[in-house]
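The values are calculated or read from the model by the stated rules, or taken from the named source; none is laboratory data. Fair warning: this is a prediction, and the values are worked out from it, not measured in the lab. Positions of Cβ are generated from backbone atoms using ideal geometry, with glycine treated the same way; all protein chains shown enter the neighbour counts.
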Amino acid sequence: MRRHRKTKGYHPRDPLKGIDDGPWKTCIAEPRRSKGYSRWHGDDEARAAVYGNRNLLKSGVGKAAMRKRGEIVERSFAHFLERGGMRRTWLRGRENVHKRYLVHVAGYNLGILTCALFGVGTPTEGANVRFAFLFVVQAADAIGFVILTASDAETAALIVAITAEAA
């Protein structure tokens with residue numbers, strides 16, 4: 001008789017037990033299982049966590065959360081994987097692929113941020129801005145960027161500070 005592995009797989013039990021005791025309600029997607037019974041081997045805490053998560057998934061709150069996840073998270077990942085060509089990236093080494101992925105995600109997020117702050121998300125829309133200033137402040141262990149912009153309707157500012165990581 002094979003025992004169920006608790007730490008591996010798409011929907012492991014041990015992390016669900018840890019999340020179930022936390023202050024946040026989580027809604028973790030579950031794979032479609034073939035018909036049958038789960039063997040809990042006396043692990044009532046894991047059984048309660050898995051069934052609680054399953055009930056939350058089937059509720060109206062869970063369905064709304066999954067729809068929102070599909071709209072916000074999944075669509076944005078699909079966008080920069082397809083439009084950015086990240087599915088077909090040919091680089092040597094996992095670290096280099098990770099860097100390129102990070103740059104694409106940062107650019108995507110910067111576009112969303114500028115659209116939310118300034119109402120400008122593309123270079124064409126940026127041409128309508130009356131004026132913009134970029135300030136760079138550099139210190140021994142930190143660097144800061146300040147962007148000030150004004151259009152006909154409003155003025156906005158974006159401040160980003162980056163510090164060196166302590167070794």
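Would you confirm whether any residue within the stretch 97-114 is under 29 Å from Ala29 (Cβ atoms), loosely packed, with under 11 Cβ neighbours inside 10 Å and modelled with pLDDT under 80? The answer is no; no qualifying residue exists.
Kindly establish whether Tyr108 is in contact with a His (Cβ under 9 Å, 6 or more places away or on another chain) and assigned to a helix (DSSP H, G or I).
On the way: in contact with a His (Cβ under 9 Å, 6 or more places away or on another chain): yes; assigned to a helix (DSSP H, G or I): yes.
Yes: the conditions hold for Tyr108.
Could you pull out the residue among Ala29, Ala49 that is in contact (Cβ under 8 Å) with a residue 24 or more places away in the chain and under 30 Å from Leu113 (Cα atoms)?
Details: Ala49 fails: under 30 Å from Leu113 (Cα atoms).
Being in contact (Cβ under 8 Å) with a residue 24 or more places away in the chain and under 30 Å from Leu113 (Cα atoms) holds for just one of Ala29, Ala49, which is Ala29.
The combined condition, being surrounded by fewer than 14 Cβ atoms within 10 Å (Cβ to Cβ), modelled with pLDDT under 85, outside any loop (DSSP other than H, G, I, E, B) and small (Gly, Ala, Ser), is fulfilled by Ala157.
For the stretch 126-144, state whether one or more residues are surrounded by 13 or more Cβ atoms within 10 Å (Cβ to Cβ), modelled with pLDDT of 80 or more and outside any helix (DSSP H, G or I). Let's see the steps before the verdict.
In the first step, residues of the stretch 126-144 are kept if they are surrounded by 13 or more Cβ atoms within 10 Å (Cβ to Cβ); the result is 126, 129, 132, 143-144.
Now narrow it down to the ones that are modelled with pLDDT of 80 or more: 143-144.
Cutting the leftovers down to outside any helix (DSSP H, G or I) gives us 143-144.
For the stretch 126-144, residues surrounded by 13 or more Cβ atoms within 10 Å (Cβ to Cβ), modelled with pLDDT of 80 or more and outside any helix (DSSP H, G or I): present.
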